[in-house]
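The structure appears below as C-alpha cells.
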Amino acid sequence: MAMTGLTTLGSSDTGAAGVESISNILVVILDLNISWWSDQMESGAIRNGVSSSHASQQYSLAFSLDQIFIFLNSYLLIQPNNKVVVLGCLESQSYFLYPPTGDASGPAINDSRPEAFRMVNEAVLNSVRNILTRELSKETQNSESSHETVFIGALSRSLCYIHRLQREAPKGQLVNGRVLVIETGLDSSSHYMHFINTIFTAQKMNIKMDACVLGEDSVLLQQAVDLTGGLYVKVDNAAGIAQVLNTVFLLDADERSKFVVPERVQVDYRAACFCHQKLVEVGFVCSVCLSVFCVPGPMCTTCNSVFKYMLPQKQKRKGPLTNGKTAEVSPSSQPAKRKTGETQRERNGNS
Amino acid sequence: MTMVASDGYQSIDHKNLYSYLTTLPSSMLENLYKHPNPCLCMAIFRDLVPMAQKFVLRQLFIDQVLPKSALLAWITPDGRKDHDDAVRLLIELRIWSEAPSSAGLMGWKLNEHFRKGIQAVVVGGGPSWGGDVTPTAEETTPVDVAFLEKYARDQWEHVLHYLAGLKTRQTASHVVDVLATAGLVRGGNERDGGITQNGFRFLLMDTPSQVWRFVLSYLQTTQKWNMDLIECISFIFQLSFSQTGKHYSSSGFSDNQMKMLQHFRDYGLVYMRSGKRPSSRFYPTNLVMNLSGGASSTNASFAEGYIVVETNYRIIAYTDSPLKIAVVSYFSEMLYRFPNLAIGILTRESIRNALAKGITADEIIRFLRMHAHPQMRESSPILPSTLTDQIKLWEMERARFEFTDGVLYNQINSVKDYELLRNYANDLGVNVLSNNDKRLLVVTTEGHVPVRAFWKRQKKE
C-alpha cells in the first residue's frame, strides 16, 4: 500500500512542479499585398456595378479587417491570458501592426468593446492605414508590383518574438505560441530555402502554423502547415472570413482532437530549385548537400562539390568515392531524378 | 485548464462564478443577460469551459437554432465527454434553451440577450461602458502602477490580518460582515468570533483566489444590505475590465455604486486619493482586474517568495510580517524569530494539527510552492520531493478508514438465498461487504430499496 502510495505521490508532484500557469500567444501574419487587394477592390466595384448583389466573391480590405478583428477579439475574450501579435506583410517587407512600433494613434472611439480589445483593433487599423498610405505614395514611382508576397521576414520575426516571450517568461510559466498566416496573394518561391528552414525552426520549437488562404491555394503554406501539424483552410466566401476563423482557428492544440477539423489536404511537396527558384516536380539532387536543381550543372552551387558524370561502362567498375569531395550526381544513363518530395522528407529527418 | 486549487473547496461556497450563478433564480439570470452593460455576459463567457465557449462563438453570427445532430457532428469521439459537460453547463446557465429548428429537429437556441452581449463585446459598436477616462492633463500628481500594487497589497493584507486575528488597525464592519457571510470567521453577535476551518484554508490560498471568493461573498452580503444584486454584479465586472494605472471618474454613479466604491477602497480593489473633499477619481488596482478572468485565471505569478524549505524539514521564512509568520505557523512549529526571518520546523505533529483544522496536504504544498523563495525556484522540483511526499503520507495516515453508509442483511437462513441476494447486490454494484461464512451482507443505503424489493419478490416465489 505505502509503496503504491509513494509512486503516485512522486509522479503527481513532478507533473505539477514544472508548470504553474500557461499563457497563449497567437501571432497573426496578415498579407497586405497592395496589388492583390486593389485588384479585388476594382473587380469588386465592377461587379457591384453590374449586379448590385453585395455578397460578391471579392474582398475589400476594410471589411476583411473588421472580420479579422472579430476573430482577434474572440481569441482575447476566451481567456484573459491570451495575447495576440499582428504582423503585416507587404511584397518585400514586414511590419509589426500590434504591438505598434511607431505612432499608431488615431481617433479614439469609445464603444462596447473592452478597452484591451479596442487597443488592439485600433493599433492594427491605424498601422495598416499608415503603411498603406506610405507604400502607395511610393508605388506611384515604380508601378512594377507583383501579387507575390514574401513571408519569411514576418515568419522569422514571429518565431523570434515567441522565442523571446518564452525565454523571458518567469519560471513555471509556459508560453504556448501559434502562428496564423492569412494569405491573399500568390506564393513566392524566390526564398524557398529560407522559407523551409524557417518552417523547420517552427517545427523544432513546437509551434503550430495555421494558414487561412483568401486567394489561390498556396503550395508553400500547405507544406508549412503539414510539417508543423497545423490547419489549412481556403476561404471561399468573402463574407464568411470571421466565421471560418472563429470556427477553426480558435481551437488550441489539445482541442483539435476533440473537434472535427478540416482534413489535411494532399500536400504538394514540390521544392523550388536552387538555380532558378522554380517549383519543380522532378529535379536533380546534389548527393552531398541535397540541393535541388532543375537542370544538371558541372558543380553544386551550394556546396561546391564537383559532379563527376560517369559513363555507363564505368558503372561496372564501381570507382571508389573520394570521401565526399567529389560525388556522383548521377550516372548519365540513369539521371538522378528524384521526386523532390522525397528529398524534403530526408531533409526533414536530418534536421 | 481548470485550476487544481478549486478541488476540495466545496465548503467555501462558490468557487467560481458559475456555481454562484446557478444558485440564482432563472429570472434573475435572464435579467443579468439583459443588462445593457455587456461586461456581465463577458465575465460569464470567460467562466465557461473551453468547449462551451467555442459552441457559443460558432453560433454567434448564425441566427438559427442549432440542431443537436449538427452539434454532435462537430465533435470527435474524444470530445464526447467534454461535449456533454458543455451542453449541461450552457443549459444550467440558460444560455441555451431547447427549441425546434426550421427543419423540425430539436436543437439549441442561443439566448438572444447573451448573443447580443457577446456580439457587442466582439464586434463593438454599442455604447461605451468602460467609464469615462478623464484626460491625463488634469492630473497633478499621477499615480504609478507600482504604488497601486503596493496599496492594493497593503489593504488586502489588512483584511487578512483581521482574519488571522492580528489586530493592527480598526477593521470596518462591512469587512467583518463579508467574512462572516463567507463562513471564514464565526459570525453572530459577538464580533470576535474567531477564524473557522475555512478561514485557515482561505489564508493559504493565493491572492487572486482569495479576492475572488471574497467578492462572491460580498455579493451575497449586498443582498442583506438591500442593494440591487444586478447593479452590484455589473459594477464589479465593469471595474474588472478596466485598465491598470488609469483613472476613472465616479461622477454620475448611483448611491449604491458610491457605497461599493468606498467598500472596495477598504479592500484595496480601488484606490482613491484621500483628501478634504471627496475625489471623484478612482484607480482600479490589479486585485480587481484579476477578477475578469474568472476563478480559473489565478495565474500563479508567484507572490513575492519568502519561504525556503530544506530537506531536513526546516522552514525558513524571510519576512517580518506577523501575518505571514502566523500563516506559516499554522502548519509548522516555530523555533526562532529574528528581525528579518523566522525559522520553523515541519513535524508530524504540526502537520497533523493543520490537517485537523481542515487544511489539506495539497493546500500546504501549494502554499509552500507558491511562496517559494526565488532561489528555491531555480531548482526543479521547487520543493524537495521527500518533503512533499512526507506531507502527503502524513495526510494519508489519517485516512485509513473509509466510511460508507449501509444496511446490514443478516440471519439469512439458506446458503442459496444468501448467494442469490449477494449476486444481485453485486450486479447492482451496491455490495459494500459480504461475509460468506456468517452469511451477512452490507449494501449501500441507495442499494437497500431495490435489494429489499428483490428479496420480497424472491420470498413470494
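The values are calculated or read from the model by the stated rules, or taken from the named source; none is laboratory data. Remember, predicted model here, so these are calculated numbers, not experimental data. Note that we place each Cβ from the backbone using ideal geometry, even for glycine, and neighbour counts take in every protein chain shown. The accessibility values were calculated without ligands, DNA or RNA, using every heavy atom of the protein model including side chains. Shrake-Rupley method; radii C 1.70, N 1.55, O 1.52, S 1.80 Å.
A few comments on the model shown:
- Residue tally, condition open to solvent by 40 Å² or more (accessible area, probe 1.4 Å) and either more than 17 Å from A:Asn33 (Cα to Cα) or assigned to a helix (DSSP H, G or I) (or both), over the range A:183-205: 9
- Hey, B:Leu383 assigned to a strand (DSSP E or B) and surrounded by 11 or more Cβ atoms within 10 Å (Cβ to Cβ) or not: no
- Residue within the range B:393-405 that is crowded, with 20+ Cβ neighbours inside 10 Å and either without any contact (Cβ under 8 Å) to a residue 40 or more places away in the chain or outside the structural domain of B:Thr207 (by TED's automatic domain parsing) (or both) present: yes
- Residues that are more than 21 Å from B:Trp394 (Cβ to Cβ) and open to solvent by 20 Å² or more (accessible area, probe 1.4 Å) within the range B:327-346 comprise B:Tyr336, B:Arg337, B:Phe338, B:Pro339, B:Asn340, B:Leu341, listed in sequence order.
- Residue within the range B:286-309 that is at pLDDT 90 or above, out of contact with any strand residue (DSSP E or B) (no Cβ under 6 Å at 6 or more places or on another chain) and either within 21 Å of A:Ser21 (Cβ to Cβ) or not hydrophobic (A, V, I, L, M, F, W, C) (or both) present: no
- Against the conditions (1) at pLDDT below 80; (2) in a helix (DSSP H, G or I); (3) more than 30 Å from A:Ser43 (Cβ to Cβ); (4) open to solvent by 60 Å² or more (accessible area, probe 1.4 Å), A:Ser105 satisfies every one except (2).
- Qualifying positions in the range B:234-264 - outside any loop (DSSP other than H, G, I, E, B) and in contact (Cβ under 8 Å) with a residue 40 or more places away in the chain: B:Ser234, B:Ile236, B:Phe237, B:Gln238, B:Leu239, B:Ser240, B:Tyr248, B:Ser249, B:His263
- Boolean, B:Ser101 is touching a Lys or Arg at 6+ places or on another chain (Cβ under 6 Å) and over 23 Å from B:Ser240 (Cβ atoms): no
- Residue match in the range A:19-31 (condition: modelled with pLDDT of 60 or more, under 30 Å from A:Val120 (Cα atoms), assigned by TED's automatic domain parsing to the domain that holds A:Asn237 and part of a helix (DSSP H, G or I)): no
- Top-ranked residue in the range B:238-255 [being out of contact with any Ser or Thr (no Cβ under 6 Å at 6 or more places or on another chain) and open to solvent by 30 Å² or more (accessible area, probe 1.4 Å); ranked as nearest to the other protein chains (Cβ to nearest Cβ)]: B:Gln243
- Test result for A:Glu216, charged (D, E, K, R) and within 14 Å of chain B (Cβ to nearest Cβ): no
- Selection from the range A:232-253 of residues that are part of a loop (DSSP other than H, G, I, E, B), open to solvent by 10 Å² or more (accessible area, probe 1.4 Å) and away from every other protein chain (no Cβ under 14 Å): A:Asp236
- Qualifying residue in the range B:357-365 (condition: under 24 Å from B:Glu461 (Cβ atoms) and among the hydrophobic types (A, V, I, L, M, F, W, C)): no
- Here the helices (runs of 4 or more DSSP H) wholly within the range B:1-88 that include at least 2 residues being modelled with pLDDT of 80 or more, within 13 Å of chain A (Cβ to nearest Cβ) and over 20 Å from B:Pro208 (Cβ atoms) are B:50-59, B:68-73.
- Subset tally (residues that are of a type in the set (Gly, Ala, Ser) and either in contact with a strand residue (DSSP E or B) (Cβ under 8 Å, 6 or more places away or on another chain) or not assigned by TED's automatic domain parsing to the domain that holds A:Asn73 (or both)) for the range A:228-244: 2
- Set B:Arg314, B:Arg352: member being surrounded by fewer than 20 Cβ atoms within 10 Å (Cβ to Cβ) and either farther than 26 Å from B:Leu184 by Cα or among the β-branched types (Val, Ile, Thr) (or both): B:Arg314
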